[in-house]
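Below is one structure, written out as structure tokens, with a few remarks after it.
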């Protein structure tokens, strides 16, 4: 895997095979957005090979062996941002962001959009940030 450094000079999250840290993070989220986060979590997990997880800077990170970190979930009071850490490499990437691209979601049904599902699938198969 080619080393693609995070946009920040801070140390990247340390990968963990145990997904319990994500479950705990979801459980601590605001009740209003909990179902949306749970749905996004399931979507991302279904598309990752050899998944790895982390919580850092209050956000959930998803990656895989050989690809690095590819997706970040950032939960707020009434919305969730799904951040494609390799977003500038996606075909027809989301409009928000620059190198990383993101989509802000507020409703559960938004997680079912064909475009979002396609972005998640493509992101999970594209190199992201190195975790080294």
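The values are calculated or read from the model by the stated rules, or taken from the named source; none is laboratory data. Please read all numbers here as calculations on a predicted model, not as lab measurements. Because the Cβ atoms are built from the backbone with ideal geometry, glycine has one as well, and the counts that use them run over all protein chains shown.
General observations
- The one condition in (1) more than 21 Å from residue 45 (Cβ to Cβ); (2) at pLDDT 95 or above that residue 63 fails to fulfil: (1)
- Residue in segment 59-78 that is buried (at least 19 other Cβ atoms within 10 Å of the Cβ) and in a loop (DSSP other than H, G, I, E, B) present: yes
- Meets criteria (buried (at least 20 other Cβ atoms within 10 Å of the Cβ), under 19 Å from residue 11 (Cβ atoms) and modelled with pLDDT of 95 or more) for residue 52: yes
- Unique match (being over 23 Å from residue 132 (Cα atoms), surrounded by fewer than 20 Cβ atoms within 10 Å (Cβ to Cβ) and under 16 Å from the mean Cα position of the chain (by Cα)) among 42, 19, 91: 42
- Within segment 27-58, being part of a helix (DSSP H, G or I) and in contact with a strand residue (DSSP E or B) (Cβ under 8 Å, 6 or more places away or on another chain) holds for 36, 37, 40, 41, 44, 45.
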